[in-house]
Structure formats: structure tokens, C-alpha cells
């Protein structure tokens, strides 16, 4: 497959997936607005945007890796680590917060780089490598902060979560993120990432520097997880060595809702952002329906399975229709 | 070697040619890796001296075997799943289901033996659901098991309504006391030996075990050999679920009670034990003897770390590092031959 071909394939696919993800999101959020009157104000909207931002940032990271055909479980560990580092250092050095943020994001990039190098240069399986780094990072997070605690200065939390006039900061972050995703997916490396995920051998033969592209994707993903961890810290204003654990499931659920293909080579990060929005809206619906909070795990799990099943079922339907016409055409011949 | 030669995705149908070539020499080495881990384990026993003055001792060996029992049983299930090329992230919830059901059924007046059987059957059913979804739809195993595990955990939480820990049936708890001995050896150690024998038998001597190897090496080839892929997948995940449930029951007995988090600490070590034991995470190769050695080695390291008074986090770091080192090691060895 040439790059041009994969480019057209991707642009077609991207548009459709983003549109479906948008419809799902509008339906979910619309339903929330419809059934819960107290969600219909700018304060609640800001809260909603803030709540979905860490998940959206992290899901973009896992999507980047998934596009190249890899699974990244280190998302949970990186978020935990970045969360505990921020929660243990920021309150002590309020003047150095920008520096701390830079260091944390650099650390995330480094973690991603290590993942990428292990997967590409050592030729290990992405799932196994990132599982290993996930466990190690969780361990480091536990060493840094053995039990939930820590704090961050109030101005740091407010700067990232309070609306800027009428516009929520989180919304600006999300829009910037979506813009960056779009720019990345049309950049040469982004296009190459789709090519690698769709058909590695073909990409290799077309002269795509497969290893380099993969390493870039893992590295960027690591940086995004660290950023997600920082934003999460601003929301919770405290640290928790297991803060990242839920993201393991929710990131994959968000990607499933964003119709990112789990075989690589397709999907759009913008759709994953919308998927994250839908995923945050769903528990609100449950809450409005009076269902207890602890069932939300069951909901998220089911959502993954259902979202995964949709392409398979549509394919089966299409396939069951096709042979019949084949037979009809085949008989006269 | 040039860059970028990695296997594409875990569960994507793999081309048979890339898989079949290195099997022969790598197999030989895998047999050695199990041996290497056993040797490492024996070396680490005296080295425990570094962790504590009172080590090594008979009670240390006994503790490694008793604590290793749970990991060995859980890693048996995980190992079977890994053998088919999958990975099971529903371990924690299944273990919790086994413990919770046994405890609550016994509390409801059902005889302990019946409660245990019912609990294990329920866990088998959960595993079978995993296998069914994976084989019917061809989804990646880790996502399905993650989703099913989360659903199960959430349902357990909903049903238990945050109830306090389940109490263990009296007989079950008595079984795991150090004083309960048979010919001078704690019953738990006998259990370990029995479970090890059963595990070795199931993985290496039964049709199910051999078909799991076949599936892991090449699904198309297995299909050509008239293996019912869907049925094998369902049975493998079902047996794995039964193992988790059994481990849950034993954990309930060992700690004389268990809450819903009882399975949480076992997921990552179970994968680590399988990988350390020399099983290829892509499936198709590995021995249960290696997994056993891996489980005991990790248990020993865990006990040593606790003895030195280091934070819990270091244990995790060691588990993760051990996984990465084992992966790199088997990769390098595969390359050399």
C-alpha cells in the first residue's frame, strides 16, 4: 500500500468515525442535559469539560500508539507517577511550578521513549513491555507517596480548572488538543503512523522509517499521559499512587466509543476525545436514573464490549448479505 | 538486526511463516529457562540472608511454599491463557468472586463443601464468558478480560453493598493453619504439591493443554488440524477461571476471611510468574514447571523485600523489572540461536 493510498483511506475513515463519535457524544450529553435540569448552566458545563479533560488527553496518547498497532498499558502508571510527583513537590516549591510541570512532562516523554525503544529496538511485544513499565511506574509512585495524600497550591488547581471569563479553560485545552491531533494526523509522521499500523511490511517497503515513527508515537503518548496526570492533579488537588489505575479501562473504553480500530491503522484521536466525553456523560445518566455509583464500572465494561461489537456485527450483516448475491450470480455462470 | 521488526498486534491473526521458523531452537532454550529459574530459586534461598538475619530457615521454605500456593494456582490459569496467545486481566475479580461466594453461601447456611463447589463453578462460568466473547468476536483478549473483570468487580460491589469482609468456613480456615499437619508437614504444603501435580498434568498431558499450545503457535494451523478453536478457547478460559476461583477459596481459608479486594494483589504477579517461567507472551511455548519456579521465586523475593522493611512499592518495581528482564533475556537468547 502506498502512502497516498493509505492517506485517502485514512481521510475517509477518519471523517466517518469522527462523525459517528460526534453523534454518540451529542446523544449522550444531550440526554444528560435533557434529564437533569441542574446540568444546564455554565458552571455545570465547566465541570463537565474539566472532568473529561484528563481522560481525553490520556486517550489521545493511547490512540497514537494504537494507530501504529501497539497497545500501551503504561498509561496508568505514568498518570499515577505524574500525579504523585506533582502532589508531593508543588506545595513545597510553589515558585517552581512551571519547572515541575516541564520536568513531569519530560519524564513522561522519557517513559514513552523507553517503551518505544523496548518495543522497536528490542523487538518486544508492546502489551508485555508496557505492562512491565506500568508495574514499575506504579511501584515508583508507591515509593514516592505510599498512601493517598499530598497537596497542590490552590492557584495551580484553579488556573487549570476555573473558567476564563465565560469560557472554560478545559474547553480551550480540549480544542487545542483536537487541533494538535488533526495537525499530527496530516503531518508526514502522522500519515506514516497510519501506514505502519495498516500494513507494516508495505510501509517498510515504501521507505517509511517504521521504527522511528513508532518511537515518536510512544514518546508523544508518554508526554500526553504525564500531562493528563498533571491535569488530574489540578482536579483532585491531591496525590494517590493508584490514581492512574482507572484510566487503564477508561482509555480503552473512550477509544472504543471513538471507534478507534483495535487492529491499528485506523481511527482518529479527535474521535477518541469525543469518546471520552461520551464516557464521562454516561455515569451522569445512570446517576440521574437513581442507580448507585458503584455500578458505573459495569457500565464502562459493557460499553467497551458493545462498542467493540458494533463493527463486527455490521461486518457480519454485510457478509451475510454478500454470499447470497454471490450465489445468485454464481448459479447462471 | 534492523529496526522495526516487531509483531504487529497481540491477537491479530499471525502469519504462520514468521512463527514457525524459530520454534525449534527457542523451544530448547525455553526448557532451559525453566531450569535456570529453578537454579535461581535455589540460589536465592541462601541469599535471603541479606534480607534478614534469621533467613534462610525451614520456616522460610515452608512460608514460600504456602504463600506460593496461591500464586502457583493463579499463575496456572494465567499460564494456560498466555499459552493460547491471550492475557487475562480479570484475575482479581474472579479471585474475589470465589472468595465472596464461598463466604456468603456458607454464611447463608449452605455446607462449606457445596459452597466451595458452587463458587468454583461460578468462576468457571465467568472464565467461559471471557472465552466465548473472545472466540466469537475475535476481540483482543486483554480488552475483553479487562471489561469482564471490571463488570464483575462492579457487580460484586453492588451485590455486597460494601459489606465487611466475608468470614471463612471453620473447616476451610483450619486447613490452612500451620499446626494442621499431615505426616509432620503442613496441609497447605501438601496442597501445593497436589496443585503442582494437577497443573503439570493438565498443561502437558491432557488434550486441552496440548490444544492450548497448538492455538498459541498458529490458530489457522490448529483449525486445519480440525481443532475446534472456539471450544478450546472457551475451555481454556473456563479452566483458568476455575483456577482463580479455587485460589480465591484458598485465600479465604488462609486469611480466615476476605474482602472484595482479595484478588487485587495477584494479577500482576501472576503474569510476572508466567513470563519469568519462560513462557512466550505471544503464546505457544512455556512449561508449567517454569511457571511454578517463577511463582516460588517471586514469592521468595516478596518475602525478602517485606523482611527488609522496604516499602510495598519496591515489590512492584521488582515484579515489573523482572518481567522486562525475562522478556529481554528470552529475546536475546532467541536471537543467538
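The values are calculated or read from the model by the stated rules, or taken from the named source; none is laboratory data. Quick caveat: nothing in here was measured; it's all calculated off a predicted structure. Every residue, glycine as well, gets a Cβ built from its backbone with ideal geometry; the counts of neighbours run over all protein chains shown.
Return yes or no: is residue A:91 within 30 Å of residue A:214 (Cβ to Cβ) and away from chain B (no Cβ under 11 Å)? When the stated conditions are applied, residue A:91 does not pass them.
Here is a yes/no grid of residues against (1) within 14 Å of chain A (Cβ to nearest Cβ); (2) modelled with pLDDT of 70 or more:
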position: B:15; (1), (2): yes, no
position: B:41; (1), (2): no, yes
position: B:47; (1), (2): no, yes
position: B:62; (1), (2): no, yes
position: B:82; (1), (2): yes, yes
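Residues of the range B:215-230 being surrounded by fewer than 21 Cβ atoms within 10 Å (Cβ to Cβ) and touching a residue at least 60 places away in the same chain (Cβ under 8 Å), which ones? Passing the criteria: B:220, B:221, B:229, B:230.
I'm checking my understanding of the structure. Among residues of the range B:270-318 that are part of a loop (DSSP other than H, G, I, E, B) and over 18 Å from the mean Cα position of the chain (by Cα), which one is surrounded by the fewest Cβ atoms within 10 Å (Cβ to Cβ)?
B:309
Checking each residue in the range A:229-249 for being crowded, with 24+ Cβ neighbours inside 10 Å, over 17 Å from residue A:133 (Cα atoms) and either at pLDDT 95 or above or within 14 Å of another protein chain (Cβ to nearest Cβ) (or both) picks out only A:239.
Table: residues versus (1) buried (at least 24 other Cβ atoms within 10 Å of the Cβ); (2) touching a strand residue (DSSP E or B) at 6+ places or on another chain (Cβ under 7 Å).
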residue	(1), (2)
A:18	no, no
A:24	no, no
A:28	no, no
A:37	no, no
A:49	no, yes
A:57	yes, no
A:89	no, no
A:92	no, no
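Counting only helices (runs of 4 or more DSSP H) wholly contained in the range A:155-271, the ones carrying 1 or more residues that are closer than 26 Å to residue A:47 by Cβ occupy A:169-186, A:210-236, A:245-257. Criterion applied to A:142, A:113 was being farther than 15 Å from residue A:231 by Cα, assigned to a helix (DSSP H, G or I), in contact (Cβ under 8 Å) with a residue 40 or more places away in the chain and more than 9 Å from chain B (Cβ to nearest Cβ), and the one residue passing it is A:113.
Take the range B:281-315 and flag every residue that is at the interface with chain A (Cβ under 9 Å from one of its Cβ atoms) and within 29 Å of residue B:193 (Cβ to Cβ).
Of everything in the range B:281-315, those that are at the interface with chain A (Cβ under 9 Å from one of its Cβ atoms) and within 29 Å of residue B:193 (Cβ to Cβ) turn out to be B:281, B:315.
Results for (1) at pLDDT below 90; (2) surrounded by fewer than 16 Cβ atoms within 10 Å (Cβ to Cβ); (3) more than 8 Å from chain B (Cβ to nearest Cβ), shown as yes or no for each residue.
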{"site": "A:100", "(1), (2), (3)": "no, no, yes"}
{"site": "A:150", "(1), (2), (3)": "yes, no, yes"}
{"site": "A:187", "(1), (2), (3)": "yes, yes, yes"}
{"site": "A:206", "(1), (2), (3)": "yes, no, yes"}
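One residue alone among A:84, A:65 is within 12 Å of another protein chain (Cβ to nearest Cβ), in contact with a strand residue (DSSP E or B) (Cβ under 7 Å, 6 or more places away or on another chain) and crowded, with 18+ Cβ neighbours inside 10 Å, and that residue is A:84. Restricting the range A:155-169 to residues that are farther than 19 Å from residue A:94 by Cβ and surrounded by fewer than 14 Cβ atoms within 10 Å (Cβ to Cβ), the residue that is nearest to the chain's Cα centre (by Cα) is A:167. Which of the numbered conditions does residue B:145 fail, given that it passes all the others? Conditions: (1) over 24 Å from residue A:297 (Cβ atoms); (2) surrounded by 23 or more Cβ atoms within 10 Å (Cβ to Cβ). For residue B:145, the failing item is (1). Of all residues in the range B:244-263, those satisfying the criterion of being within 13 Å of the chain's Cα centre (by Cα) and more than 21 Å from residue A:128 (Cβ to Cβ) are B:245, B:246, B:247, B:248, B:263. Restricting attention to the range A:287-318, the residues that are touching a helix residue (DSSP H, G or I) at 6+ places or on another chain (Cβ under 6 Å), more than 9 Å from chain B (Cβ to nearest Cβ) and surrounded by fewer than 17 Cβ atoms within 10 Å (Cβ to Cβ) total 1. Elements of the type helices (runs of 4 or more DSSP H) sitting completely within the range B:87-180 and holding at least 3 residues that are at negative phi, within 10 Å of chain A (Cβ to nearest Cβ) and free of Cβ contacts under 8 Å to residues at least 40 places away in the same chain: these cover B:141-160. Report whether or not residue A:127 is away from chain B (no Cβ under 14 Å) and either touching a helix residue (DSSP H, G or I) at 6+ places or on another chain (Cβ under 8 Å) or part of a loop (DSSP other than H, G, I, E, B) (or both). For residue A:127, the condition - away from chain B (no Cβ under 14 Å) and either touching a helix residue (DSSP H, G or I) at 6+ places or on another chain (Cβ under 8 Å) or part of a loop (DSSP other than H, G, I, E, B) (or both) - is not met.
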